[in-house]
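J.: Here's a structure for you.
Please treat every number below as a calculation from the coordinates, not as lab data. The structure presented is a predicted model; accordingly, all values stated were derived computationally and were not measured. All Cβ positions, glycine included, derive from the backbone under ideal geometry; neighbour counts span all protein chains shown.
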Amino acid sequence: MYAIVEIAGQQFKVEEGKKIFVHRLAQKEGEKVEFDQVYLVDNDGDIKIGLPTIKGAKVSAKVTKDSVRGDKVKIFKKKRRKGYQKESGHRQNFSEIEIESISL
């Protein structure tokens, strides 16, 4: 069983027991969180599609790690034949969540 759900402005394919990294959530480590923006649920071939969401469907998860740093993203700017080069970068903060259940 899997579902397509919107978490923090992005859509994710989630399954029970899987861990995923999402943009940082306000919940602390060990807290539970529910998502009700469920767009699709597949239960062993029985597919339900919402218009735009499925009424009453929820995905519950637990925050396993509060603040995880992602890989460094490098930004490099250059103008050819001018001697201009600039390099900068940042690391995005993520939360790791574990999907506990998908309910209709």
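J.: Which of the pairs Lys32/Lys72; Lys13/Lys65; Lys32/Lys55; Lys28/Lys72; Lys18/Lys74; Lys19/Lys86 have their Cα atoms more than 27 Å apart in this structure?
T.: Details: Lys32/Lys72 29 Å; Lys13/Lys65 19 Å; Lys32/Lys55 21 Å; Lys28/Lys72 24 Å; Lys18/Lys74 29 Å; Lys19/Lys86 37 Å.
Result: Lys32/Lys72; Lys18/Lys74; Lys19/Lys86 exceed 27 Å.
J.: With the dipole of the range 38-83 worked out from charges on the C-beta (+1 for Lys and Arg, -1 for Asp and Glu) around the Cα centre, which of Thr53, Phe76, Tyr39 lies farthest toward the positive end?
T.: Working it through, the farthest residue towards the positive pole turns out to be Phe76.
J.: Normalised by the number of residues in the chain, what is the relative contact order in percent for Cα pairs under 8 Å and 6+ residues apart?
T.: Details: 237 pairs, mean separation 33.6, N = 104.
That works out to 32 percent.
J.: Something else about it: If you average the C-alpha positions of the range 38-76 and of the range 1-36 separately, how far apart do those two centres end up, in angstrom?
T.: 5 Å
J.: While we're looking at this one, here's another question. How are the C-alpha pair distances of the chain spread across 10 Å bins, as whole percents from the shortest bin up?
T.: 14, 37, 22, 14, 9, 4, 0
J.: Report, in debye and to the nearest 20, how large the dipole of the chain comes out about its Cα centre when Lys and Arg carry +1 and Asp and Glu carry -1 on their Cβ.
T.: In debye, rounded to 20, the chain gives about 1540.
J.: Find out how many positive minus negative residues lie around Phe76, taking Lys and Arg as positive, Asp and Glu as negative, among other residues whose Cβ is under 10 Å from that of Phe76.
T.: With Lys, Arg at +1 and Asp, Glu at -1, the net is +3.
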